[in-house]
Amino acid sequence: TDIPTITLNDGKTIPQLGFGVYQIPPAETKNATLAALEVGYRHIDTAEMYGNEKEVGEAIRESGIPREEIFVTSKLNNGFHDPEAAARAFDGTLEALGFDYLDLFLIHWPLPKVGNYVDTWKALEEIYRSGRSRSIGVSNFTPHYLRRLAAEATVVPAVNQIEVHPYLTQEEARAYGAEYGIATEAWSPIAQGKVLDDPTLVRIAEKVGKTPAQVTLRWHIQRGDIVFPKSVTRSRVEENFDLFSFELSDDDISDISFLNKDERTGPNPEEFNYVP
Ligand code: NAD
């Protein structure tokens, strides 16, 4: 399968489909990542917070696939927003992964009441200029926070990774990204399974002869967002990779988008200020 790529605002390309490793216990992460690489995934989304960067790195080395053929994202944990701490945390991420560069490094959460995410972003700009992360971006930023970065910083984030699925379609944040060249990455793309019994998704799935998970992931792909569903079950890892042998109609896409009820599975980033 040829996975489509998205060209980021810095000229780098990212596979539109990847594999997420949130909530995969470290002891299972190496095997899960190796399985995903075997199925054909070439984009892995991890984070310092997930505690499994080391095992992701081990899997990539053990796979024998050249490092430059795999797009790897990690994220700055909440305790390290101070610019000097951010620089050290990035070194720690590279060391845990065992890499000499990262493809994409994100501020995991804006933490609006903790420090100043603009200063944190300037630390990421330094990392970007050093070439040790080929791209930099943010996660869980609202348009309001992105506007502050635009006014006070230099580099435009390559991506904004936010919660997006049929019950939280995020039209405003996605439109902001489209206007300013910030690619949207959709986390929890199937709402951790919560959307899969939805009658509209079940109906469309029956019509196209695919599963509700595949229909939901295909909806994201056709909307132009980047996704990295998580699973430790081999058959689902394969199922979630098989998104390019069918297409949804414009009506299907709008019927799914119409399911929006602004319902989150995770925290609201404007209220989330948790530091471990
Ligand atoms: P997801 O929407 O990918 O759902 C994963 C869960 O859905 C699995 O645990 C499994 O129970 C089920 N599932 C997966 N495939 C299935 C299938 N084909 N059929 C039926 N059930 C299936 O949720 P997620 O793991 O929260 O999100 C994906 C990735 O997004 C994460 O692994 C992580 O990389 C990223 N993420 C980022 C943030 C952030 O703050 N930046 C937050 C959450 C997740």
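No lab work stands behind these numbers, since they all come straight from the coordinates. Just so it is clear, the model here is predicted, and its values are computed rather than measured. Heads up, the Cβs are rebuilt from the backbone with ideal geometry, glycines too, and the neighbour counts pull from every protein chain shown.
Taking the range 7-80 as the region of interest, the strands (runs of 3 or more DSSP E) fully inside it that hold 2 or more residues being within 12 Å of the ligand (Cβ to nearest atom) are 43-45, 71-76.
Could you say whether any residue in the range 123-133 is within 18 Å of the chain's Cα centre (by Cα), assigned to a helix (DSSP H, G or I) and under 24 Å from I226 (Cβ atoms)? Looking for residues that are within 18 Å of the chain's Cα centre (by Cα), assigned to a helix (DSSP H, G or I) and under 24 Å from I226 (Cβ atoms), one finds at least one in the range 123-133, hence yes. Per the conditions (1) crowded, with 21+ Cβ neighbours inside 10 Å; (2) under 21 Å from A175 (Cα atoms), the sole criterion not satisfied by I204 is (2). Taking A35 as the residue in question, decide whether it is touching a helix residue (DSSP H, G or I) at 6+ places or on another chain (Cβ under 8 Å), under 17 Å from K230 (Cα atoms), surrounded by fewer than 22 Cβ atoms within 10 Å (Cβ to Cβ) and not β-branched (V, I, T). Yes; evaluated as a whole, the condition is true for this residue.
One line per residue, one yes/no per condition, for (1) closer than 21 Å to I226 by Cβ; (2) touching a residue at least 24 places away in the same chain (Cβ under 8 Å); (3) assigned to a loop (DSSP other than H, G, I, E, B); (4) more than 10 Å from the ligand (Cβ to nearest atom):
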{"position": "E172", "(1), (2), (3), (4)": "yes, yes, no, yes"}
{"position": "A175", "(1), (2), (3), (4)": "yes, no, no, yes"}
{"position": "A186", "(1), (2), (3), (4)": "yes, yes, no, no"}
{"position": "P189", "(1), (2), (3), (4)": "yes, yes, yes, no"}
{"position": "Q192", "(1), (2), (3), (4)": "yes, yes, no, no"}
{"position": "V195", "(1), (2), (3), (4)": "yes, yes, yes, no"}
{"position": "T200", "(1), (2), (3), (4)": "no, yes, no, yes"}
{"position": "I204", "(1), (2), (3), (4)": "no, yes, no, yes"}
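Of all the listed residues (V155, V215), the sole one being farther than 19 Å from D262 by Cα and surrounded by 20 or more Cβ atoms within 10 Å (Cβ to Cβ) is V215.
Restricting to the range 206-223, and then to whatever is out of contact with any strand residue (DSSP E or B) (no Cβ under 8 Å at 6 or more places or on another chain) and hydrophobic (A, V, I, L, M, F, W, C), can you tell me which residue is nearest to the ligand (Cβ to nearest atom)? So, considering only residues that are out of contact with any strand residue (DSSP E or B) (no Cβ under 8 Å at 6 or more places or on another chain) and hydrophobic (A, V, I, L, M, F, W, C), the one nearest to the ligand (Cβ to nearest atom) is A213. Of all residues in the range 104-119, those being surrounded by fewer than 22 Cβ atoms within 10 Å (Cβ to Cβ) and either touching a residue at least 40 places away in the same chain (Cβ under 8 Å) or small (G, A, S) (or both) number 6.
Quick grid of which residues meet (1) hydrophobic (A, V, I, L, M, F, W, C); (2) under 17 Å from W187 (Cβ atoms); (3) surrounded by fewer than 18 Cβ atoms within 10 Å (Cβ to Cβ):
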{"position": "A27", "(1), (2), (3)": "yes, no, yes"}
{"position": "K30", "(1), (2), (3)": "no, no, no"}
{"position": "Y41", "(1), (2), (3)": "no, yes, no"}
{"position": "I44", "(1), (2), (3)": "yes, yes, no"}
{"position": "V56", "(1), (2), (3)": "yes, yes, no"}
{"position": "S63", "(1), (2), (3)": "no, no, yes"}
{"position": "I70", "(1), (2), (3)": "yes, no, no"}
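If you check P276, P229 for being within 17 Å of Q16 (Cβ to Cβ) and in a loop (DSSP other than H, G, I, E, B), only one passes: P229. When residues in the range 50-72 are screened for being touching a residue at least 40 places away in the same chain (Cβ under 8 Å), in contact with a strand residue (DSSP E or B) (Cβ under 7 Å, 6 or more places away or on another chain) and either over 25 Å from E126 (Cα atoms) or not charged (D, E, K, R) (or both), 2 of them pass. What do you reckon, is V164 closer than 21 Å to L76 by Cα and either within 14 Å of the ligand (Cβ to nearest atom) or under 16 Å from the mean Cα position of the chain (by Cα) (or both)? So V164 fits the description; yes.
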